[in-house]
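Notes follow once the structure below has been shown.
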Amino acid sequence: MAQIARFGGEICKDENLADFVIINSCTVTNGADSDVRNFIHRMNRAGKKVIITGCAALNKGKEFFERGEIFGVFGMSNKNRIAEFLNKGERFCELGNLNFKENALLNDFKSHTKAFIKIQEGCDFNCSYCIIPSVRGKSRSVDENLIIEEVRKIIAGNHTEIVLTGTNIGSYGKDNGSSLGELLQKLGKISGLKRIRLGSIEPSQIDEKFREILDEPWLEKHLHIALQHTSQKMLTIMRRRNKALKDLKLFNELAERGFALGTDFIVAHPGETDEIWNEALINFKKFPLTHLHAFIFSPRDGTHSAGLKIETNGIEAKKRLKTLQSIIRENNLKFRKSHYNNLFVLVERKNGEFYEGYDQFYNKIFIKSSHELNRKFLEIEKYEIGNEANFAEF
């Protein structure tokens, strides 16, 4: 926003009122590219000058620019030059590089209930289905002191919950002699911080330093640990680093310590034969999972998996997806019934007659109250357990 102000412009909440439209794009799937392309065409028809940044800037930006579909494109390493680009008044293509590190984290969180802090960029993994390393680069960590300073500012601004994000946050510190666990230990000492939530991490990234903070009251009691599959044969095809049986041991350890556990799962990836699926399903049922982000494989141009043969038809893939989702719904309900504890909830919004928020286990709760509860951090002792969420009066 400071860059826009330096240009002499202002942020429009309504794109129809804008002269320039800057798209922070995603390119994780072919579908994401298609969405970006369609939005560009719609903005062009509306007479807007379109500028692309984000992942698709490196993957498709030059192509869009050379076809005259966009006014400009810049890579994330050039995001501090937006004012310079706009002031020139000329079309531009400045892709930058994949080696940059964030040197400022200043964001405006006044209208948000929680603050998102980006602690790293890039990924050192080489999963066969993923294009992210080629458009985000190797893992680079934000300076620890910068993160701590920013969190202190956020807490001073009356926020009580932060979410640590990045391309692969479990890789934090590999390039500077630290680790995610060490960073968390230091953040947890900041007065006024009530909860830290984490983005997705890998099984191999839960080291001894991370284990040391598992019982801290400020750490959410929910972890999202990316499995992607539960057949060892499929994990090998995917070029994943995790091992199915070792993962199960880790998940059971965390479940015994009271954690709700989520994961990702790619259904119908090339090579997922009936035999591999059956093996995966048997293993999946053994995991104490309570949350799930599952999706059907979509080939991504430029990745190894895009050239492999798909074994599963669309109807069967949807059936397998629904099977996993059904298991998790049942698991989540059982978890909420067996973990009837006091819930610590950050209220995020009011929707109709109910306030909505998420507890320490990342389960949704609907709250009826005559009081103003937006952005309040509540302790709820009595509540009813519904099939999809919890309900309370306060």
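The values are calculated or read from the model by the stated rules, or taken from the named source; none is laboratory data. Bear in mind the structure is a predicted one, so any value in this text is a computation, not a measurement. For neighbour counting, all protein chains shown are included, and Cβ atoms are generated from backbone atoms with ideal geometry for every residue, glycine included.
Regarding V36, is this residue within 23 Å of the chain's Cα centre (by Cα), under 23 Å from L98 (Cα atoms), modelled with pLDDT under 90 and surrounded by 14 or more Cβ atoms within 10 Å (Cβ to Cβ)? Give the derivation first.
Details: within 23 Å of the chain's Cα centre (by Cα): yes; under 23 Å from L98 (Cα atoms): yes; modelled with pLDDT under 90: no; surrounded by 14 or more Cβ atoms within 10 Å (Cβ to Cβ): yes.
In short, no.
Testing C93 on (1) part of a helix (DSSP H, G or I); (2) within 30 Å of R45 (Cβ to Cβ); (3) modelled with pLDDT of 90 or more, one condition comes back false. Which one is that?
Every condition holds for C93 apart from (1).
Can you tell me which of T263, T273, T290 is of a type in the set (S, T, N, Q), under 24 Å from Y340 (Cα atoms) and free of Cβ contacts under 8 Å to residues at least 60 places away in the same chain?
Exactly one of T263, T273, T290 is of a type in the set (S, T, N, Q), under 24 Å from Y340 (Cα atoms) and free of Cβ contacts under 8 Å to residues at least 60 places away in the same chain, namely T263.
Run down R195, R211, R239 and say which single residue is modelled with pLDDT of 95 or more and at positive phi.
Working: R195 fails: at positive phi; R211 fails: at positive phi.
Result of the check over R195, R211, R239: R239.
Please identify the pairs in which a residue from the stretch 159-182 that is free of Cβ contacts under 8 Å to residues at least 40 places away in the same chain has its Cβ atom under 6 Å from the Cβ atom of a residue that is crowded, with 22+ Cβ neighbours inside 10 Å and polar (S, T, N, Q), counting only partners at least 6 apart or on another chain.
Close Cβ pairs satisfying both conditions: G173/S141; D175/S141; N176/S141.
I'd like the full set of residues that are of a type in the set (S, T, N, Q) and in a helix (DSSP H, G or I), limited to the stretch 266-288. Give the steps one after another, and end with the answer.
Step one: filter the stretch 266-288 for residues of a type in the set (S, T, N, Q), giving 273, 278, 283.
Within the stretch 266-288, N278, N283 qualify.
Consider N99 carefully, then state whether it is touching a Gly at 6+ places or on another chain (Cβ under 7 Å), modelled with pLDDT under 90 and either part of a helix (DSSP H, G or I) or under 25 Å from S179 (Cα atoms) (or both). Spell out the reasoning first.
On the way: touching a Gly at 6+ places or on another chain (Cβ under 7 Å): yes; modelled with pLDDT under 90: yes; either part of a helix (DSSP H, G or I) or under 25 Å from S179 (Cα atoms) (or both): yes.
It is true that N99 is touching a Gly at 6+ places or on another chain (Cβ under 7 Å), modelled with pLDDT under 90 and either part of a helix (DSSP H, G or I) or under 25 Å from S179 (Cα atoms) (or both).
Taking the stretch 310-343, which residues are buried (at least 18 other Cβ atoms within 10 Å of the Cβ) and either touching a Lys or Arg at 6+ places or on another chain (Cβ under 7 Å) or among the charged types (D, E, K, R) (or both)?
Result: R320, R336.
So if I check each of L193, L250, L227, L219, which one is hydrophobic (A, V, I, L, M, F, W, C) and crowded, with 21+ Cβ neighbours inside 10 Å?
Only one candidate passes the filter, namely L227.
Got at least one residue in the stretch 298-312 being aliphatic (A, V, I, L, M), assigned to a loop (DSSP other than H, G, I, E, B) and at negative phi? First the steps, then the outcome.
Our first condition is that a residue be aliphatic (A, V, I, L, M); within the stretch 298-312, this holds for 306, 308, 310.
Next cut, assigned to a loop (DSSP other than H, G, I, E, B) only: 308, 310.
So of that shortlist, the ones also at negative phi come out as 308, 310.
Looking through the stretch 298-312, at least one residue is aliphatic (A, V, I, L, M), assigned to a loop (DSSP other than H, G, I, E, B) and at negative phi.
Could you check how many residues of the stretch 207-226 are out of contact with any Gly (no Cβ under 8 Å at 6 or more places or on another chain) and in contact (Cβ under 8 Å) with a residue 40 or more places away in the chain? Break it down stepwise before answering.
Narrowing the stretch 207-226 to residues out of contact with any Gly (no Cβ under 8 Å at 6 or more places or on another chain): 214-215, 217, 220, 226.
Right, trim to in contact (Cβ under 8 Å) with a residue 40 or more places away in the chain and you get 214-215, 220.
So the answer is 3.
Out of all the residues in the stretch 75-90, is one or more closer than 30 Å to R240 by Cβ and of a type in the set (F, W, Y)? Step through it out loud before you land on a result.
Keep residues of the stretch 75-90 that are closer than 30 Å to R240 by Cβ, which gives 75-77.
Checking the rest, the ones that are also of a type in the set (F, W, Y) come to none.
Within the stretch 75-90, none of the residues are closer than 30 Å to R240 by Cβ and of a type in the set (F, W, Y).
Of the residues E348, E311, E353, which is over 19 Å from K194 (Cβ atoms) and in contact (Cβ under 8 Å) with a residue 40 or more places away in the chain?
On the way: E348 fails: over 19 Å from K194 (Cβ atoms); E353 fails: in contact (Cβ under 8 Å) with a residue 40 or more places away in the chain.
Answer to the selection: E311.
Please verify whether the stretch 54-67 includes one or more residues that are of a type in the set (F, W, Y), in a loop (DSSP other than H, G, I, E, B), surrounded by 16 or more Cβ atoms within 10 Å (Cβ to Cβ) and at pLDDT 90 or above.
Restricting attention to the stretch 54-67, the residues satisfying the condition of being of a type in the set (F, W, Y) are 64-65.
Those left that are additionally in a loop (DSSP other than H, G, I, E, B): none.
No, the stretch 54-67 contains no residue that is of a type in the set (F, W, Y), in a loop (DSSP other than H, G, I, E, B), surrounded by 16 or more Cβ atoms within 10 Å (Cβ to Cβ) and at pLDDT 90 or above.
Could you check the stretch 191-236 and list, in sequence order, the residues that are of a type in the set (G, A, S) and over 23 Å from A280 (Cβ atoms)?
So the first thing to find is which residues in the stretch 191-236 are of a type in the set (G, A, S), and the list is 191-192, 199-200, 204, 226, 231.
Correct list: S191, G192, G199.
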